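First the structure, in the form of structure tokens, and then the observations on it.
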Amino acid sequence: MNILNCFKIVPDLDMLPESGWIADEKNCIDVSYLRTIWNCFDESALAIALRLSDKMKDTAEHIGLHAFTIGGPFCDQYLKTLFALGFDSAVRVECEKDIRFRPETVSKIIAGYVRRGESYDVVMMGQQSTDGNNEKTPLLVAEYLGFRCVTQVSDVISFDKDGLVVECSTDEGVLIQTINTPCVLSVGNASLSYLRVPTLKDKLTLGKRPIIKLAPEELGVDLAEDEQQTEVTLLKMLHICKNRASEKIEGTTPSEKAEELYKLYLKKGLENI
């Protein structure tokens, strides 16, 4: 079985100070000085695929792991890390344009590569990115390819002749399904959320393999033409204030403050019991 893991590298927005959330005349925020990190949902998907590959090593089913991303040269260091972790191939589609709010374009590029490349049984990715937050890409990729799509995936348990055993989170609890391939897996909140760290030996021996670099046009996508056809226009960006409502407890001594806290909150709660 071959798994294509699609991932995105995003700026670490937690490092951006409040004064930095000021958009320019083009509705862009300068994040060039921020460090980059794995998109959290994509990192979970990569970790799940690696663990599944480890599980299946002692069985007759071989798991081929393949990495795919869209972005600039800064993504290469992450692809090399995946090589060091055991991925068989790595592909980067060159794209310097801002396509955060164009999930249709991203989905067409992914689908174009899947049609062009070797046969993939599973296309796995995070349900959304931390900068775009569209939550559309996995669904659109499945639609373009004609694959079934499984959402809110929290783990992939095993794979055999009967299909892929997938664990999903639902409002009612955990749902375990056996899925026929090919399929698209949209990974949501997963318990396995961090990639392992490759050893220095693996970095030196495996991390230097060549990365396949493609242009969107090679996959049947014209970025300029696609931009004209998009129905989404970014109008403005606002920073959401995350400060919680609070109230200061008055009092000169700890006992006075404790008494005030009891009168304001605890007493009312105890009376309702």
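The values are calculated or read from the model by the stated rules, or taken from the named source; none is laboratory data. Bear in mind that the values here come from a model prediction, so they are computed numbers and not experimental data. Neighbour counts run over all protein chains shown; Cβ positions are idealised from the backbone, glycine included. Only protein heavy atoms, including side chains, enter the accessible area calculation; ligands, DNA and RNA are left aside. Shrake-Rupley method; radii C 1.70, N 1.55, O 1.52, S 1.80 Å.
Remarks
- The test for being within 17 Å of the chain's Cα centre (by Cα) and of a type outside the set (D, E, K, R) holds for Cys40.
- Residues that are touching a Pro at 6+ places or on another chain (Cβ under 8 Å) and in a strand (DSSP E or B), drawn from region 93-125: Val93, Glu94, Val122, Val123, Met125
- Tabulated pairs, region 41-64, first in contact (Cβ under 8 Å) with a residue 60 or more places away in the chain and under 29 Å from Asn134 (Cα atoms), second basic (Lys, Arg) and buried (at least 20 other Cβ atoms within 10 Å of the Cβ), C-beta under 7 angstrom, 6+ apart or interchain: Asp42/Lys8
- With respect to (1) under 24 Å from the mean Cα position of the chain (by Cα); (2) loosely packed, with under 10 Cβ neighbours inside 10 Å, the lone exception for Ala245 is condition (1).
- Within region 165-182, the set of residues being in contact with an Asp or Glu (Cβ under 8 Å, 6 or more places away or on another chain), among the hydrophobic types (A, V, I, L, M, F, W, C) and surrounded by 17 or more Cβ atoms within 10 Å (Cβ to Cβ) comprises just one member, Val166.
- Residues that are free of Cβ contacts under 8 Å to residues at least 40 places away in the same chain and either of a type outside the set (A, V, I, L, M) or open to solvent by less than 20 Å² (accessible area, probe 1.4 Å) (or both), drawn from region 142-152: Glu143, Tyr144, Gly146, Phe147, Arg148, Cys149, Val150, Thr151, Gln152
- All positions within region 199-225 that are under 23 Å from the mean Cα position of the chain (by Cα) and outside any loop (DSSP other than H, G, I, E, B): Ile212, Lys213, Leu214, Pro216, Leu219, Leu223
- Filtering region 214-230 for residues that are open to solvent by 70 Å² or more (accessible area, probe 1.4 Å) and at pLDDT 90 or above leaves a non-empty set.
- Where a residue in region 11-24 is aliphatic (A, V, I, L, M) and its partner, wherever it lies, is surrounded by 12 or more Cβ atoms within 10 Å (Cβ to Cβ), with Cβ under 6 Å and at least six apart: Met15/Leu34; Ala23/Ile29; Ala23/Met237
- In the condition set (1) in a loop (DSSP other than H, G, I, E, B); (2) surrounded by 12 or more Cβ atoms within 10 Å (Cβ to Cβ); (3) of a type outside the set (Val, Ile, Thr), Tyr262 is compliant with all but (1).
- His62 meets each of the listed conditions (1) open to solvent by less than 60 Å² (accessible area, probe 1.4 Å); (2) at pLDDT below 90; (3) under 29 Å from Leu200 (Cβ atoms) apart from (1).
- Selection of region 183-198 for residues being over 17 Å from the mean Cα position of the chain (by Cα) and loosely packed, with under 13 Cβ neighbours inside 10 Å yields only Val197.
- Contact map, region 170-189: first residue outside any loop (DSSP other than H, G, I, E, B), second residue among the hydroxyl-bearing types (Ser, Thr, Tyr) and open to solvent by less than 20 Å² (accessible area, probe 1.4 Å), Cβ cut-off under 6 Å, separation 6 or more or different chains; pairs are Val187/Ser44.
- Residue satisfying all of: in region 89-114; without any contact (Cβ under 8 Å) to a residue 40 or more places away in the chain and surrounded by fewer than 17 Cβ atoms within 10 Å (Cβ to Cβ); farthest from the chain's Cα centre (by Cα) among these: Glu96
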